[in-house]
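> Starting off with a structure, shown below.
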Amino acid sequence: MKTFNSINSYKTSKKSIVTIGTFDGVHIGHNHILQKLVYDAKNSESESLVLTFFPHPRMILQENNEVKLLNTITEKSKLLENIGIDNLIIHPFDKEFSRLTAEDFVKTILVEKFNIQKIIIGYDHRFGRNRTATIDDLIIFGKQYGFEVEQISAQQIDEISVSSTKIRTAILDGNITLANNYLGYNYSFSGTVVKGKQLGRTIGFPTANINIDEEYKLIPKNGVYIVKSLISGNNFYGMMNIGTRPTVNGLNQTIEVFFIDFDSNLYDQKITIEILDFIRDEQKFDSLESLKKQIEIDKQTTLKFYKKQNF
């Protein structure tokens, strides 16, 4: 897959079959459109092209909107590449771009830049200045400029019954199983292992403290989770705590992972944590000994989960 950082950096002599959207999560609903895009491109000797945006348009157009995203740009790119997309354009979204009229967008970008043969789009897609143009306008432009418009119907979308918003809600509710089913893969995040206060070592559960660089990445609610991570080519499983460590009067949110049957130095390494299930909410214990006993219970819960899943 070829990746371009703006519309202006993309050039082609081939016809393109295009879709447009934020595609946050690249979930099973998105796959319906994306797989159709890849299939049609291969069968018409064209190239598939996804136009997406960063920052997310809501971050720019809605004041004080601190929307958290399911995917970082790197994660989204990998997911789209795995589907088989030929070209990905990640265009910087700003207020100037948002003021482009619908016809200017079609003529100068879809037709002149993308050499469009066909666009595949959701039934509720809106575009152009103030998002006033609809799928009906796009069909009229298609007839005018000579490209096909394929609409993914409301019925097809409703049959899948999934959205990025539903997935975000599930993750924030701790409903990881539902979120992973909607995504079609395990929700994950990547971060660098940094030194913490090493409290876990004193109670027999040394943890890797994860620092996430992308502030816009959605972090699940505080609590204890079952996780896995690929480290040096091997999968290691364990428990993750997200929270403020109330038992020791912590104030700042931390992300700590205890890997079962693992005892190596991970400091300064970047690792990816896949979240498999939610165990319990974070709670305050009356002593470190009580905390240790609960973590042992969490460990047994985790081991039972892995046994059941045949890991």
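> Farther than 17 Å from Asp298 by Cβ and either in contact with a Phe, Trp or Tyr (Cβ under 6 Å, 6 or more places away or on another chain) or small (Gly, Ala, Ser) (or both): does that describe Gly233?
yes
> Pick from Asp277, Asp298: which is in the same structural domain as Lys195 (by TED's automatic domain parsing) and either at positive phi or in a helix (DSSP H, G or I) (or both)?
Of the residues listed, the single one that is in the same structural domain as Lys195 (by TED's automatic domain parsing) and either at positive phi or in a helix (DSSP H, G or I) (or both) is Asp298.
> Within segment 1-16, can you find the residues that are closer than 16 Å to Ile116 by Cβ and assigned to a helix (DSSP H, G or I)?
Ile7
> Condition first: among the charged types (D, E, K, R) and either outside the structural domain of Ile28 (by TED's automatic domain parsing) or at pLDDT below 75 (or both). Now tell me which residues in segment 135-165 satisfy that.
Asp158, Glu159
For every residue, the table says whether it meets (1) buried (at least 16 other Cβ atoms within 10 Å of the Cβ); (2) of a type in the set (Ser, Thr, Tyr).
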site	(1), (2)
Leu100	no, no
Val111	yes, no
Gly128	yes, no
Asp137	yes, no
Gln144	no, no
Glu148	no, no
Thr165	no, yes
Asp173	no, no
Leu183	yes, no
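> Can you pull out the residues in segment 120-134 that are modelled with pLDDT of 80 or more and touching a Ser or Thr at 6+ places or on another chain (Cβ under 7 Å)?
Within segment 120-134, Ile120, Ile121 meet the criteria.
> Something else now. Filter segment 231-262 down to residues that are aliphatic (A, V, I, L, M) and at pLDDT below 90 and give me whichever is surrounded by the most Cβ atoms within 10 Å (Cβ to Cβ).
Val248
> Determine whether Glu45 is within 25 Å of Phe147 (Cα to Cα) and among the acidic types (Asp, Glu).
Yes.
The values are calculated or read from the model by the stated rules, or taken from the named source; none is laboratory data. Because the structure is predicted, anything quoted here is derived from the model rather than measured. In this analysis, Cβ positions are derived from the backbone assuming ideal geometry, glycine residues included, and neighbour counts consider all displayed protein chains.
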